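Visitor: What follows is a single structure, and I will ask about it in a moment.
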Amino acid sequence: MRKFGYLLLWAWIKMSLWMYFSKISIRGIGQVPKNKPLLFLANHQNALLDALLVATHSPKKIYFLTRSDVFRNPILKMFFNYLQMIPIYRIRDGKEALKYNEAIFQRCSKLLQRGEAILIFPEGNHSLKRKVRPLSKGFTRFLFAALDDNPQLDVRLVPIGINYKKAAAFPDKVTVCYGTDIQLLNYYDKDAIIDSVNSLKRVVHQELTTLTTHIDDEKEYDDIVSYLKVNGIDFLDPEVANKMVSSYDLNSKPVDLEGNRWSKVYGVGKVLFNIINLPIFLIWTKVIRPKVGELEFLSTVRFMVFLLFYPIFYLLLALILTYVLSYTWALFVLVVHMMLNLIWVKLLAPVFSK
């Protein structure tokens, strides 16, 4: 029963993501080993959306580690447990809380020994900046613990680059890039743990910087982003974007972007979209959006509103229409409404917002 419930929830979330994003592209998934214990390591920009995108577009069922503070709400805790999310404790949770990580690492070690797949965000935090931040060594602890228990365990590390066109926007496009797997045994020396940790962090970081746009220069960051936009770089293609980043120098001054001739059309379309979805729009803008403190959480919270409120919205709309109209006309109106939403998200908004 639990397995069926998980599959139902997985399908609901995957379908909702497809409807929420204008486009989801998956690259390199065919090269992911299918019969090995796996640790997926992804860059982290967009809070829970990062995890949901990988979990619903992975060749294996995934357990994933996430910040412990999201488990404080009892309802969310039940939801996250059902999604096979595992809390990880950080120094900001208090020094006392860190002791719970030992049990978490042991659990992860056992999962790997069973041949399962785990997702972790080794940067340890999230940021909308197009940059792979320094990696935490936490992920190496349960990897090495697994090897201590089973020295021949062939764990494969799979780096993942998650690339958003504009992470805080709606609708948005995203590309998930799976990299070449890394054999853990090649980087583990029981007699030189510190060197093993550092070499593993180094190779994972290097791989991640090729799978997502990586702008390492903090001082020139804003100018480089502007430079890329002016040159029409597609942030969904990290290989092309990183080549352009490497070509930037201090003489590459950004110029003003030309005005979008479709901006008025986009504005009108957005207003019409908001009108036909007025109840959801009002709940989002008047009640929930003002309470989102961090910009990195904006898209995640917006998606959760979409995930939870749209089924209720369509159920109530169906009941009202069925009461006022015939079943046939009620069904017709519902289908037209859904199609208009999809046409805006999938076709019109991506074109007119360029």
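Visitor: Among 225, 103, 79, pick out the residue whose Cα is farthest towards the positive end of the charge dipole of the chain, where Lys and Arg carry +1 and Asp and Glu carry -1 on C-beta, about the Cα centre.
Guide: The one lying farthest along the dipole's positive direction is 79.
Visitor: I would also like to ask the following. How charged is the neighbourhood of residue 69? Take every other residue with its Cβ under 9 Å from the Cβ of residue 69, and add Lys/Arg as +1 and Asp/Glu as -1.
Guide: +3
Visitor: Could you tell me how many degrees, from 0 to 90 and to the nearest 10, lie between the Cα long axis of helix 221-230 and the main elongation axis, the longest principal axis, of the Cα atoms of the chain?
Guide: 50
Visitor: May I ask you to order 265-271, 161-167 by the average number of other C-beta atoms within 10 Å around their residues, highest value first?
Guide: Highest-to-lowest ranking by the protection proxy: 161-167, 265-271.
Visitor: Just reorder 10, 329, 18 by solvent-accessible area, largest first, 1.4 Å probe, all chains present.
Guide: 329, 18, 10
Visitor: Between residue 287 and residue 82, what's the calculated FRET efficiency when r is the beta-carbon distance and R0 is 41 Å? Round to 0.05.
Guide: 0.95
Visitor: Which of the residue pairs 14/291; 23/219; 61/201; 201/243; 14/34 have a Cα-Cα distance greater than 30 Å in the structure shown?
Guide: The answer is 23/219.
Visitor: Ok, one more. Only one of the listed values, [x] 23.8; [y] 17.5; [z] 21.2, was derived from the coordinates as mean projected area of the Cα convex hull in nm²; which label is it?
Guide: Label [z] holds the value from this structure.
Visitor: For the range 44-152, report the accessible area per residue in Å² (1.4 Å probe, heavy atoms, rounded to an integer).
Guide: 45
Visitor: Packing-wise, with mean Cβ within 10 Å as the measure, how do 24-36, 148-160 rank, highest first?
Guide: The densest-packed peptide leads the list: 148-160, 24-36.
Visitor: Dipole of the range 1-85, Cα-centred, from +1 at each Lys and Arg C-beta and -1 at each Asp and Glu C-beta, to the nearest 20 debye?
Guide: 280
Visitor: Take the alpha carbon gyration tensor of the range 146-284, find the square roots of its eigenvalues, order them as a ≥ b ≥ c, and report rounded if a/c is under 1.5; if not, report prolate when a/b exceeds b/c, else oblate.
Guide: It is oblate, given that a/c is not under 1.5 and a/b is not larger than b/c.
Visitor: Just the number, please: carbon plus sulfur as a percent of the accessible area of the chain, 1.4 Å probe, no ligands or DNA/RNA counted.
Guide: Roughly 61 percent, rounded to a whole number.
Visitor: Can you find, among 265, 333, 31, the residue farthest towards the positive end of the dipole of the chain? Put +1 on the C-beta of Lys and Arg, -1 on that of Asp and Glu.
Guide: 333
Visitor: In debye, nearest 20: dipole of the chain around its Cα centre with unit charges on the Cβ of K, R (+) and D, E (-)?
Guide: Around 1080 debye, computed over the chain.
The values are calculated or read from the model by the stated rules, or taken from the named source; none is laboratory data. On a predicted model such as this, the values are computed, not experimentally measured, just so you know. Cβ sites come from the backbone with ideal geometry, for glycine too, and all protein chains shown count toward neighbours. For the accessible areas, the whole protein counts, side chains as well, though only heavy atoms, and no ligand, DNA or RNA atoms are used. Shrake-Rupley method; radii C 1.70, N 1.55, O 1.52, S 1.80 Å.
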